[in-house]
Amino acid sequence: MKNRAGFGNIGRVFFFMVFLLASCSTTPAVRYYTLNPFFEMQPDSSPSVSGDTLAIGVGPVEFPKFLDRPQIVTRKNQNRVEVSEFHRWAGSFSGDFLRVLARNISMLLPEDRVATYPWTDQSSPVYRIPLTVEQFDGRFGGHVVLNVTWSVWNQKDANEPVMKNTRIKEPISAENYDALVAAQSRAIGILSRAIVDEIERVNHRDEGFSGSKN
């Protein structure tokens with residue numbers, strides 16, 4: 001009887017240990033995130049791009065391979081990044097970037113048509129905005145950094161466009177991924193306004209050039 005009781009106790013301990021191991025080995029749930037347009041953005045009170053409605057094409061965009069991946073990347077220090085297996089983008093990071101950038105620009109220039117790359121021949125844009133992202137990550141307790149080279153190119157102009165480099169630092173309000181992604185969305189909003197300012201400048205220059213030839 002004692003042996004049976006002993007075996008019974010051993011069995012209960014065994015199953016308890018198996019239960020604990022199974023509990024410890026449970027994989028955390030994966031959480032998915034998206035960038036969002038900065039809806040607080042409003043067009044300037046001054047006249048926007050004048051003339052006929054313009055077609056604006058946003059893209060293509062080049063991302064570093066270590067960033068354009070399903071997992072969200074955070075920066076630990078200047079030389080080290082961390083890739084999270086359990087915090088991921090709901091879609092393509094570069095595609096989400098273009099989508100939000102185009103939406104922001106369309107809110108700032110409501111009179112114009114804005115499309116993302118690739119576009120069709122039927123919607124070939126007058127102004128194209130290619131971008132190369134050098135850095136777009138953040139450090140918890142610090143800032144998101146967006147470092148991007150871009151230009152506004154008039155496809156009817158034979159001259160090379162002027163290349164612009166924009167570096168944006170946006171504070172992360174809390175040490176979690178929700179705050180990180182929110183800061184990244186705000187950084188795209190700041191970039192959007194810089195691009196719209198350049199579109200207006202280039203368009204006014206091109207209109208003045210066309211008028212001087214008439």
Note to self: Among the residues that make up the stretch 103-112, is at least one of them closer than 19 Å to Glu134 by Cβ and either modelled with pLDDT of 95 or more or among the aliphatic types (A, V, I, L, M) (or both)?
What the structure shows: no
Notebook entry, point to check: What number of residues in the stretch 83-102 are loosely packed, with under 14 Cβ neighbours inside 10 Å and of a type in the set (Asp, Glu)?
Noted result: 1
Margin query: Anything in the stretch 157-166 that is surrounded by 14 or more Cβ atoms within 10 Å (Cβ to Cβ) and under 17 Å from the mean Cα position of the chain (by Cα)? List them, or say none.
Written below: Thr166
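Would you check if Asn159 is of a type outside the set (A, V, I, L, M), under 26 Å from Arg128 (Cβ atoms) and not in a loop (DSSP other than H, G, I, E, B)? Give the steps one after another, and end with the answer.
Details: of a type outside the set (A, V, I, L, M): yes; under 26 Å from Arg128 (Cβ atoms): yes; not in a loop (DSSP other than H, G, I, E, B): no.
For Asn159, the condition - of a type outside the set (A, V, I, L, M), under 26 Å from Arg128 (Cβ atoms) and not in a loop (DSSP other than H, G, I, E, B) - is not met.
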Margin query: Here is a check on your reading of the model: is Tyr127 modelled with pLDDT of 90 or more and farther than 24 Å from Tyr33 by Cα?
Written below: yes
Notebook entry, point to check: If you go through the stretch 86-117, how many residues are in a strand (DSSP E or B) and within 19 Å of the chain's Cα centre (by Cα)?
Noted result: 7
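Filter the stretch 174-214 for residues that are hydroxyl-bearing (Ser, Thr, Tyr) and modelled with pLDDT under 95; which is surrounded by the most Cβ atoms within 10 Å (Cβ to Cβ)?
Just the residues of the stretch 174-214 that are hydroxyl-bearing (Ser, Thr, Tyr), to begin with: 177, 185, 192, 210, 212.
Keeping just the survivors that are modelled with pLDDT under 95 gives 210, 212.
Working: Ser210: 11, Ser212: 7.
Going through the qualifying residues, I end up with Ser210.
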Item checked: Residues satisfying the stated conditions in the stretch 118-156, i.e. surrounded by 18 or more Cβ atoms within 10 Å (Cβ to Cβ), hydrophobic (A, V, I, L, M, F, W, C) and either without any contact (Cβ under 8 Å) to a residue 12 or more places away in the chain or assigned to a loop (DSSP other than H, G, I, E, B) (or both) -> Val126, Val152
Note to self: Among the residues of the stretch 76-89, are any out of contact with any strand residue (DSSP E or B) (no Cβ under 6 Å at 6 or more places or on another chain), within 16 Å of Ile199 (Cβ to Cβ) and of a type in the set (S, T, N, Q)?
What the structure shows: no
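The values are calculated or read from the model by the stated rules, or taken from the named source; none is laboratory data. Just so we're clear, the structure is a prediction, and the values are computed from it rather than from any experiment. In this analysis, Cβ positions are derived from the backbone assuming ideal geometry, glycine residues included, and neighbour counts consider all displayed protein chains.
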